[in-house]
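Before any comments, here is the structure.
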Amino acid sequence: MAKHLFTPGPVTPPAEVVRAETIPLTSHREPDYSYLLLRLQNRLKDLLDADGPVVLLPSSGTGALETLAVNLLDRGDKVLSVSCGAFGERFREIASRTGAEIVPVDVPVGQAVSPALVRERLEATPGVTALLLTHNETSTGVTNDIGAIVAALPEERPLLLVDAVSSLGAMPCEPQNWGVDALASTTQKGLITPPGVGVVWLSPRGWRRVEEKGSPSYYFDLALHRKYLEKDLPENPYTPPVSLFSALDAALGFLADLGHSVWFDGRRRFARSLCAGAEAMGLVPLVEAPEARSSGVTALMVPDGKGQEMRNIMRALGVEVAGGQGTLRGKIVRVAHYSDTGWPEVAMVLGCLYGAALDLGLEPRTGFIEKAFLEWKAETR
Ligand code: PLP
């Protein structure tokens, strides 16, 4: 039986991405490799709608977040860390290891961060030098409106560091247009590529901070990575994961050929249709406000703490979904929809959710497939 991955990383990459990972290797010190890097730069800049450079690092998302922390934060800095879930907390912990003083702001589980709250906490906390935000909180399936949060901040504002690990590629993510200073992401979610590459983008203000501060990390020294990228024939300081870079190039080409906005709309359409079907069945989305629901991952509450059992039954039926983290362990299942999927996959996931709910004695209602399909049809693309 085929296994179908609906986890928030890794995801199932398109066939051309898998093929690209197996093309014969080039040396990372020859011109062909520099051309690959140039293409990656251009494609990432298009996706981010921003000027470069975009630094690619051999790491997962956590490594990219740590790269932001060690290059931009220092002992004694006052950092306002706004969290609405497990990954906001992780970013906070990473930042705290630099010796920065952390001022935590916690938003209840399942809710998005409100622009007014961030502004109010910032105004109430003198001396803040950096602000940490999560674009898409994967542990709850909440997407924060970073553009609106930044727009609500005073003009004189701290450095803004954003975790875009589970948003980039799946939804609009425009750090430069929004006024963000540093953004970290990775390949194995919205960028529909296997895991292993960290993505880092900085604003001119972010780069100035990097130059002034210096990096305590030898490997993740952003100024050094930039210096190599700015050569006539760009390079990396250390041996890069060449095959993964080829795969990422194919994935970015796939997204560009389709059109970024068409792809984003497709992810949102999947999320809405899935949610409509699940609700019709009697399952309750963790995120109450529809406008805060993620296009990348949907969290559904499972009654009686049976989340793990539901996951196990779904796995036996051929569909792999994720469970809850921290206080949500056992209470939710998370269905990710980053891959190139459409109505057949919506129907497959809903069918397995129904089977699992029935097996668990949760008395799911029928008629859900019609509700899901009506929602599917209501979206134009
Ligand atoms: N931040 C967010 C929002 C995430 O979703 C994840 C992983 O799921 C991470 C950080 C950590 O990324 P990684 O597991 O690639 O290190």
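The values are calculated or read from the model by the stated rules, or taken from the named source; none is laboratory data. What you are looking at is a predicted structure, and each value in this text was computed from that prediction instead of being measured. Neighbour counts run over all protein chains shown; Cβ positions are idealised from the backbone, glycine included. Keep in mind that these areas ignore ligands, DNA and RNA; they rest on the heavy atoms of the full protein, side chains included. Shrake-Rupley method; radii C 1.70, N 1.55, O 1.52, S 1.80 Å.
From the list Leu68, Leu133, exactly one residue is under 17 Å from the mean Cα position of the chain (by Cα), outside any loop (DSSP other than H, G, I, E, B) and more than 30 Å from Tyr33 (Cα to Cα). Which is it?
Exactly one of Leu68, Leu133 is under 17 Å from the mean Cα position of the chain (by Cα), outside any loop (DSSP other than H, G, I, E, B) and more than 30 Å from Tyr33 (Cα to Cα), namely Leu133.
Which of the residues spanning the range 169-187 are touching a Phe, Trp or Tyr at 6+ places or on another chain (Cβ under 9 Å) and within 13 Å of the ligand (Cβ to nearest atom)?
The answer is Gly169, Ala170, Met171, Leu183, Ala184, Ser185.
Inspect all residues belonging to the range 258-278 and state whether any of them is touching a residue at least 40 places away in the same chain (Cβ under 8 Å), aliphatic (A, V, I, L, M), open to solvent by 40 Å² or more (accessible area, probe 1.4 Å) and within 26 Å of His135 (Cα to Cα).
yes
Using the structure shown, decide if Leu300 is under 29 Å from Pro14 (Cβ atoms) and of a type in the set (A, V, I, L, M, F, W, C).
Considered against the rule, which asks whether it is under 29 Å from Pro14 (Cβ atoms) and of a type in the set (A, V, I, L, M, F, W, C), Leu300 comes out as yes.
Considering every residue within the range 180-201, establish whether at least one is in contact with an Asp or Glu (Cβ under 9 Å, 6 or more places away or on another chain), polar (S, T, N, Q) and open to solvent by 20 Å² or more (accessible area, probe 1.4 Å).
no
Looking only at the range 34-58, filter to residues that are crowded, with 21+ Cβ neighbours inside 10 Å and more than 25 Å from Gly259 (Cβ to Cβ); which one of those is farthest from the ligand (Cβ to nearest atom)?
If we take residues in the range 34-58 being crowded, with 21+ Cβ neighbours inside 10 Å and more than 25 Å from Gly259 (Cβ to Cβ), then Val55 is farthest from the ligand (Cβ to nearest atom).
Among the residues of the range 110-146, count how many are within 24 Å of Gly169 (Cβ to Cβ) and open to solvent by 20 Å² or more (accessible area, probe 1.4 Å).
So the answer is 3.
With the checklist (1) under 30 Å from Pro31 (Cβ atoms); (2) part of a loop (DSSP other than H, G, I, E, B) in hand, flag the one item Lys227 doesn't pass.
(2)
Determine, yes or no, whether Arg29 is of a type in the set (Lys, Arg), open to solvent by 10 Å² or more (accessible area, probe 1.4 Å), part of a helix (DSSP H, G or I) and at pLDDT 95 or above.
When the stated conditions are applied, Arg29 does not pass them.
If I ask for residues that are closer than 30 Å to Asp145 by Cβ and in contact (Cβ under 8 Å) with a residue 40 or more places away in the chain, which ones from the range 203-224 would you list? Step through it out loud before you land on a result.
Residues of the range 203-224 closer than 30 Å to Asp145 by Cβ: 203-210, 213, 220, 222.
Scanning the range 203-224 gives Arg205, Gly206, Arg209, Val210, Lys213, Phe220, Leu222.
How many residues does the range 59-109 hold that are more than 11 Å from the ligand (Cβ to nearest atom), open to solvent by 40 Å² or more (accessible area, probe 1.4 Å) and not charged (D, E, K, R)?
6
Could you tell me whether Pro126 is part of a loop (DSSP other than H, G, I, E, B) and either among the charged types (D, E, K, R) or out of contact with any Ser or Thr (no Cβ under 9 Å at 6 or more places or on another chain) (or both)? Don't jump to the end; show me each part of the working.
Values: part of a loop (DSSP other than H, G, I, E, B): yes; either among the charged types (D, E, K, R) or out of contact with any Ser or Thr (no Cβ under 9 Å at 6 or more places or on another chain) (or both): yes.
When the stated conditions are applied, Pro126 passes them.
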